[in-house]
Amino acid sequence: MEQAEQKFFDIDPRLEQLGEKAQQECAQAFARVEEIAEYNSRKVLAAFIHHGVSESHFAGTTGYGYDDRGRETLEAVMAEITGSEDALMRHNFVSGTHTLTTALFGVLRPGDVLLSITGLPYDTIQPVIGINGENCGSLKEFGIEYQQVDLLPDGTPDLGAIAQAVRGEKVKVAYIQRSRGYSLRPSINMTVMEQLIQTVRQNNPKAIIMVDNCYGIFTEKVEPTQLGADLIIGSLIKNAGGGIARTGGYIAGRRDLIEQCAYRLTTPGQGKEVGCTLGELRNMFLGLFLAPNVVCCAVKTAIFAAALFGGLGYRVNPPYDERRTDIIQSIELGSERGMVAFCKGVQRGAPVDSFVVPEPWEMPGYESKVIMAAGAFHLGASIELSADGPIREPYAVWMQGGLTYFTGKMGMLLAAQSMLEEGVLSLEN
Ligand SMILES: *Cc1c(COP(=O)(O)O)cnc(C)c1O
């Protein structure tokens, strides 16, 4: 006789049932996401084959890293995948913020204007621009002016105001943030992205269109560069590293601009020709190869979370059946206790550090306490299942990631179970 199946986790049978119902509701949304992932997997595979990726490319270099064939091949593959002329893809980028900083300082010069056309940028970019922080070498301190076109009250870009603002003579960079990050505005999908790019082009043909592509790559079939953006920038401990790259970032786009970014990353004159890869190339190639599939799992986890918690009566953003352009899901839990219980449950289901109990904590730069659940193979990697949020109205958590859908789904069930056990979720009605 076959051995009886084990349960492994104690989930209330009613919750398990609601989970199965939520999963069934997601069937169509899952099918769309899987179709995108299949397309992107073929795109990536074709680029690997086209560039003749081989074992010898994984060897890596030391010291200056001259003539690193693996590095050059990886960057050529990334350029092809993103429909770009060239790319920088390096473990030397310490974070997404560092990669974006390199691109901004790479192309902007004193007297230029940086114009954000999607409202206030992500928190960590603000000190880079000089919106806050002093004497830290911001763009502002180097004579680069910042201007911003606010989003409309519904959180969408203000095309009319953008058309006006971008005509400014000194506007050098039009900056777009694709993912909403930790806000409740809609993310910029590739239909809206195309409108933004056309609006900029029509009114200022010379402006450099730069896109913060963090959390976005591989969630749709095209990237902003294929719609006319000049540069896209992202992190390798998010989507593009596939959960395997240990650190790093990428910039892809126009060849002359990539060269400028490389001069900023290394030195004027040396640019892309230096930067040893140590032992990181195999992980970066493998991560990129897996990325479309891992992103698919993360998006499915987000969709499942939206269906499950939406079904339990919480406000979720976006809803489970809405088109996605990033891996972020917010859930408004309505109270501090709800947020804490949710994060405790997510942490309990992490493959690493499951025994840690998250608590709200003061964080530098935040007005209110913040709670975070993360148990990842790479410190801070948010392509791995994680959840966090500031303890204030509307008491929302932002969750993202999930290296596999099955473990991501488990994490969401454990989050709901934890809320049930803490008495903040009731299933009687
Ligand atoms: C994560 C993120 C960043 C910054 O990346 P880090 O790796 O955390 O420094 C910038 N912009 C957006 C939209 C992001 O999601």
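The values are calculated or read from the model by the stated rules, or taken from the named source; none is laboratory data. This is a predicted model, so every value here is computed, not measured. Here the Cβ positions follow ideal geometry from the backbone for every residue, glycine too, while neighbour counts run over all protein chains shown. Please note that ligands, DNA and RNA were not included when accessible areas were found on the heavy atoms of the full protein model with its side chains. Shrake-Rupley method; radii C 1.70, N 1.55, O 1.52, S 1.80 Å.
Rounded if a/c is under 1.5, else prolate if a/b beats b/c, else oblate: with a ≥ b ≥ c from the C-alpha gyration tensor eigenvalues square-rooted, which is segment 161-273? Verdict is oblate for segment 161-273. Think of each Lys and Arg Cβ as +1 and each Asp and Glu Cβ as -1; about the Cα centre, that makes the dipole of the chain roughly 680 debye. Of VAL222, VAL340, VAL44, the residue with the largest accessible area leads and the full order is VAL222, VAL340, VAL44 (1.4 Å probe). Rounded to the nearest 0.05, what FRET efficiency is calculated for ASP154 and GLU421 with R0 set to 60 Å and r the Cβ-Cβ distance? My answer for the efficiency is 0.95.
Dipole orientation for segment 52-287: of the candidates ILE162, THR267, HIS91, ILE162 has the Cα lying most toward the positive pole (charges on Cβ; Lys, Arg +1; Asp, Glu -1). When both segment 283-328 and segment 359-385 are represented by their alpha-carbon centers, they are found 19 Å apart.
Straight Cα distances below 19 angstrom link LYS369 to the aspartates and glutamates ASP123, GLU332, GLU336, GLU359, ASP388, GLU393, with same-chain residues fewer than 8 positions distant left out. A 1.4 Å probe run over segment 52-287, with the rest of the protein chains in place, finds 39 Å² accessible per residue. For segment 352-423, with all protein chains in place and a probe radius of 1.4 Å, 60% of the accessible heavy-atom surface sits on carbon or sulfur.
List, in the order given, every pair from LYS238/LYS300; LYS43/LYS409; LYS7/LYS344; LYS238/LYS409 whose Cα-Cα distance in the structure shown is over 22 Å. Pairs exceeding the cut-off: LYS43/LYS409. Where both partners of a DSSP beta bridge lie in the chain, what percent of those bridges are antiparallel, to the nearest 5? Expressed as a percentage, antiparallel bridges in the chain total about 60. For segment 145-249, GluC sites (Glu not before Pro) are listed when DSSP marks them as loop and at most 15 other Cβ atoms sit within 10 Å of their Cβ; the list is GLU169. For segment 11-75 and segment 149-214, write down the distance between their C-alpha centroids in whole Å. Cα centres, segment 11-75 to segment 149-214: 28 Å. Relative to the longest principal axis of the Cα atoms of the chain, the long axis of helix 190-203 makes an angle of roughly 30 degrees. Within a Cβ distance under 12 Å of LEU108, other residues only, what is the Lys/Arg minus Asp/Glu net charge? Local net charge: +3. Helical content alone sets the calculated 222 nm signal of the chain at -12000 deg cm²/dmol, taking -39,500 (n - 2.57) per DSSP H segment of four or more residues and averaging over every residue. The C-alpha atoms of the chain define a longest principal axis, and helix 13-25 lies at about 40 degrees to it. Within the straight-line cut-off of under 21 Å between alpha carbons, the lysines reachable from LYS206 are LYS170, LYS172, sequence neighbours fewer than 8 places apart in one chain being disregarded.
Among the protein heavy atoms, those of ASP326 account for about 10 Å² of accessible surface (1.4 Å probe, every chain in place). By accessible area, using a 1.4 Å probe on protein heavy atoms only, segment 32-168 has 54% of its surface on carbon and sulfur. Extending 7 Å from the Cα toward the beta-carbon at both GLU35 and GLU20 defines two label points whose distance is 2.8 nm. Taking only protein heavy atoms and a 1.4 Å probe, the accessible area of segment 200-285 is 49% carbon and sulfur.
Restricting segment 35-109 to chymotrypsin sites (Phe, Trp or Tyr not before Pro) that sit in a DSSP loop and have at most 16 other Cβ atoms within 10 Å of their own Cβ leaves TYR64, TYR66.
When trypsin sites (Lys or Arg not before Pro) are flagged only if DSSP places them in a loop and at most 10 other Cβ atoms lie within 10 Å, the longest unflagged stretch of the chain comes out as 207-429.
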